[in-house]
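S.K.: Before I ask anything, here is the structure I am working with.
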């Protein structure tokens, strides 16, 4: 976890440095703001990972000499199949088309999205299909 | 939902818990409901290749129009739509999604020993947003006003509702919103997968270069794409809600659109390029029978490119006269340093290796050559005086076509190299080599005349040009090159048809090095029955060649007891 954290923190530091140079040198604000936001976007997860990396045991994937037997165990729970990404995708499609072809397309769009949010969440809670 | 466990290799149980075959819906419903990263990746691949062919057809029409000074193949209005949609399809819908959606989706989880992407349903959503976004953008051709026609960069104020009325422009914006979210979700997914789902022993500095590059790409996606999405929403508000963010008349700033667009647009160049760099790195190492030369240097070069890429956006805007020339010139020139390190390492990886000139390797060498030309002309353009001379001429067109055609070489190398892994069948090598030569000669014949045309002053985005024999001959030559590239694409499609399920690949046809070649071709549901010990960045090589294990970074340990 330490490498991941340091990578993001160093990137953020570099963006901060660039932002400081650019902000003071240029007569334009948009770029400085965007680079500042870039710095924050690296610092936020980077400092979170750093905070955790000092408080957790090294994970098997961070150890250089671990055997597969030591690393054996629970990895995660993965859905086998789900219709809700497709439903949500069609909902988003419909919402975007409403920007062009008329506001009425929001009704099916938001309807499909709501169905997908409810269905997807409950699928995750009860385990869903294999 | 399936619980997935890492199983110890010592159990001798090849079908460990969580690796049982998938019993779900079949047929079209299986495709609609799948959350398997390999099937999603395959859908991405097929969609991206189809869009590549569509974008290529636009390119051929453009080149045929330009083969004579007063071409009459298309009208001026149609020409505007064609070059806009050619750029949009190739950049937004082919190169990006092919890089971080198609091959990344299939290969990255297998390379790090993960059972799937971290968020499989989000991954599926990414694909559906990509597909619907592509359909949205292309459907502009079926509206009364035609497709978007303001260039793939959508500069304000040309893209406002006065200068570009009609549904085509709105469909372009809508399509980009959808594909933009698709990219952001893929970025989140890749970062989470690489940070949390690596196999035991797969430390960060043992990940294959392809995975490393995709991690950096994903971080760049997260930094850049939200800016584009925000810009598009502002553009839509300007067009329909009466705001004046990008128009002078209401106190807005048209150049702000360029800042926002290129703040996304230049990192986007590296978002496109880095995955292909990764593919080429893997291919060169495997077909030279050597480990990657300068593994850590390669990673730091990638990170440096990513870091610098956020500070170079306004080198696209030198001629606006309101940007900080020295800052952007220095930053742009600095990118040549890490890119040079990469070039050096690619050549170093081949140096004194046993090179096997397979189709994938030839494509990678074609990449090196073409990318070198594109990269070096990029250094010219980073210098403001030269950029003032050549801005908006064919020199710039030739520069970025050298770069993106190099990425096409990378894409083909990736398909020839990894195709057998996810389909289980090899492609025909002979047709592949013929494809390479058509692509290679075609690309050079296509771009070289354009460099000269640019230096003679031919502006880009013109459907007709003055009667000048020199200009005409160079344009004819460029069109010939474009047709040769078209032939190479046809050969690729022919190759897929000819080799259809003909040459079974086996698990590891190339004697490759990384983890994806340890499992079966195609990999089972959740990818692995068992995993080898991981002691270097080449676990499969170490397993297959216990006499010649990797001496990774000077820290050699005995790998196989």
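S.K.: Would it be correct to say that residue B:54 is in a helix (DSSP H, G or I) and either in contact with a strand residue (DSSP E or B) (Cβ under 9 Å, 6 or more places away or on another chain) or modelled with pLDDT under 95 (or both)?
M.R.: The answer is no for residue B:54.
S.K.: Pull up the stretch B:87-111, narrow it to residues that are closer than 18 Å to residue B:171 by Cα and in contact with a helix residue (DSSP H, G or I) (Cβ under 8 Å, 6 or more places away or on another chain), then point me to the one that is surrounded by the fewest Cβ atoms within 10 Å (Cβ to Cβ).
M.R.: Per the stated criteria, the residue is B:91.
S.K.: For residue A:113, only one of the following conditions fails: (1) in a helix (DSSP H, G or I); (2) out of contact with any helix residue (DSSP H, G or I) (no Cβ under 6 Å at 6 or more places or on another chain); (3) surrounded by 14 or more Cβ atoms within 10 Å (Cβ to Cβ). What is its number?
M.R.: Status for residue A:113: all satisfied but (2).
S.K.: Only one residue in B:197, B:162, B:177, B:171 is surrounded by fewer than 24 Cβ atoms within 10 Å (Cβ to Cβ) and free of Cβ contacts under 8 Å to residues at least 40 places away in the same chain. Which one?
M.R.: Checking each option against the conditions leaves just B:162.
S.K.: On to the next question. Test of understanding: among B:226, B:254, which residue is over 30 Å from residue B:514 (Cβ atoms) and under 25 Å from the mean Cα position of the chain (by Cα)?
M.R.: B:226
S.K.: Might you let me know whether the stretch B:147-167 holds any residue that is at pLDDT 90 or above, within 9 Å of chain A (Cβ to nearest Cβ) and more than 25 Å from residue B:34 (Cα to Cα)?
M.R.: Within the stretch B:147-167 (the criterion being at pLDDT 90 or above, within 9 Å of chain A (Cβ to nearest Cβ) and more than 25 Å from residue B:34 (Cα to Cα)), the answer is yes, since at least one residue qualifies.
S.K.: May I ask you to list the residues in the stretch B:337-353 that are in a loop (DSSP other than H, G, I, E, B) and out of contact with any helix residue (DSSP H, G or I) (no Cβ under 9 Å at 6 or more places or on another chain)?
M.R.: Result: B:351, B:352.
S.K.: Further question on the same structure: Does the stretch B:137-154 contain at least one residue that is under 30 Å from residue A:84 (Cβ atoms) and surrounded by 24 or more Cβ atoms within 10 Å (Cβ to Cβ)?
M.R.: The answer is yes; a qualifying residue exists.
S.K.: Could you please give the count of residues in the stretch A:20-57 that are touching a helix residue (DSSP H, G or I) at 6+ places or on another chain (Cβ under 9 Å) and not in a helix (DSSP H, G or I)?
M.R.: The number of residues fulfilling the criteria is 4.
S.K.: If we only count helices (runs of 4 or more DSSP H) wholly inside the stretch B:92-211, which ones have 3 or more residues that are within 23 Å of residue B:256 (Cα to Cα)?
M.R.: Because the criterion is at least 3 residues that are within 23 Å of residue B:256 (Cα to Cα), the helices (runs of 4 or more DSSP H) in the stretch B:92-211 that meet it are B:167-196.
S.K.: Shifting gears a bit: Please state which of the following conditions residue B:465 fails to meet, knowing it meets all the rest: (1) surrounded by fewer than 22 Cβ atoms within 10 Å (Cβ to Cβ); (2) in contact with a helix residue (DSSP H, G or I) (Cβ under 7 Å, 6 or more places away or on another chain); (3) within 20 Å of residue B:428 (Cβ to Cβ); (4) touching a residue at least 40 places away in the same chain (Cβ under 8 Å).
M.R.: Checking residue B:465 against (1) surrounded by fewer than 22 Cβ atoms within 10 Å (Cβ to Cβ); (2) in contact with a helix residue (DSSP H, G or I) (Cβ under 7 Å, 6 or more places away or on another chain); (3) within 20 Å of residue B:428 (Cβ to Cβ); (4) touching a residue at least 40 places away in the same chain (Cβ under 8 Å), the one that fails is (3).
S.K.: Can you name the residue in the stretch B:317-330 that is surrounded by fewer than 23 Cβ atoms within 10 Å (Cβ to Cβ) and in a helix (DSSP H, G or I) and is also farthest from the other protein chains (Cβ to nearest Cβ) among such residues?
M.R.: Going through the qualifying residues, I end up with B:319.
S.K.: What residue, among those in the stretch B:230-261 that are more than 12 Å from every other protein chain (Cβ to nearest Cβ) and in a helix (DSSP H, G or I), is surrounded by the fewest Cβ atoms within 10 Å (Cβ to Cβ)?
M.R.: B:249
S.K.: Quick one: would you say residue B:220 is touching a helix residue (DSSP H, G or I) at 6+ places or on another chain (Cβ under 9 Å) and either within 11 Å of chain A (Cβ to nearest Cβ) or part of a loop (DSSP other than H, G, I, E, B) (or both)?
M.R.: yes
S.K.: Sort out which residues of the stretch B:453-462 are assigned to a helix (DSSP H, G or I) and surrounded by 18 or more Cβ atoms within 10 Å (Cβ to Cβ), and write them in order of number.
M.R.: Residues satisfying the conditions are B:453, B:454.
S.K.: Filtering the stretch B:121-132 down to residues that are farther than 9 Å from residue A:85 by Cα and surrounded by fewer than 24 Cβ atoms within 10 Å (Cβ to Cβ), which residue is farthest from the other protein chains (Cβ to nearest Cβ)?
M.R.: Filtering the stretch B:121-132 for residues that are farther than 9 Å from residue A:85 by Cα and surrounded by fewer than 24 Cβ atoms within 10 Å (Cβ to Cβ), the one farthest from the other protein chains (Cβ to nearest Cβ) comes out as B:131.
One line per residue, one yes/no per condition, for (1) surrounded by fewer than 17 Cβ atoms within 10 Å (Cβ to Cβ); (2) on the phi < 0 side of the Ramachandran plot; (3) modelled with pLDDT of 95 or more; (4) within 11 Å of chain B (Cβ to nearest Cβ):
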{"site": "A:26", "(1), (2), (3), (4)": "no, yes, no, yes"}
{"site": "A:40", "(1), (2), (3), (4)": "yes, yes, yes, yes"}
{"site": "A:55", "(1), (2), (3), (4)": "yes, yes, no, no"}
{"site": "A:67", "(1), (2), (3), (4)": "no, yes, no, yes"}
{"site": "A:75", "(1), (2), (3), (4)": "no, yes, no, yes"}
{"site": "A:83", "(1), (2), (3), (4)": "no, yes, no, yes"}
{"site": "A:87", "(1), (2), (3), (4)": "no, yes, yes, yes"}
{"site": "A:100", "(1), (2), (3), (4)": "no, yes, no, yes"}
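S.K.: For residue B:275, indicate whether it is in contact (Cβ under 8 Å) with a residue 40 or more places away in the chain, within 12 Å of chain A (Cβ to nearest Cβ) and either touching a helix residue (DSSP H, G or I) at 6+ places or on another chain (Cβ under 8 Å) or in a loop (DSSP other than H, G, I, E, B) (or both).
M.R.: no
S.K.: Mind listing whichever residues of the stretch B:62-86 are in a helix (DSSP H, G or I) and surrounded by fewer than 19 Cβ atoms within 10 Å (Cβ to Cβ)?
M.R.: B:64, B:76, B:77, B:78
S.K.: Within the bounds of the stretch A:10-19, is there any residue that is assigned to a helix (DSSP H, G or I) and closer than 25 Å to residue B:537 by Cβ?
M.R.: So far as the stretch A:10-19 goes, yes, one or more of its residues are assigned to a helix (DSSP H, G or I) and closer than 25 Å to residue B:537 by Cβ.
S.K.: Of the residues B:526, B:560, B:548, only one is part of a loop (DSSP other than H, G, I, E, B), surrounded by 22 or more Cβ atoms within 10 Å (Cβ to Cβ) and modelled with pLDDT under 90; which?
M.R.: Of B:526, B:560, B:548, the one residue that is part of a loop (DSSP other than H, G, I, E, B), surrounded by 22 or more Cβ atoms within 10 Å (Cβ to Cβ) and modelled with pLDDT under 90 is B:526.
The values are calculated or read from the model by the stated rules, or taken from the named source; none is laboratory data. In this text the structure is predicted, and so the values were computed from the model without any measurement. Quick reminder, even Gly has a Cβ in these numbers, built from the backbone with ideal geometry, and neighbours come from all protein chains shown.
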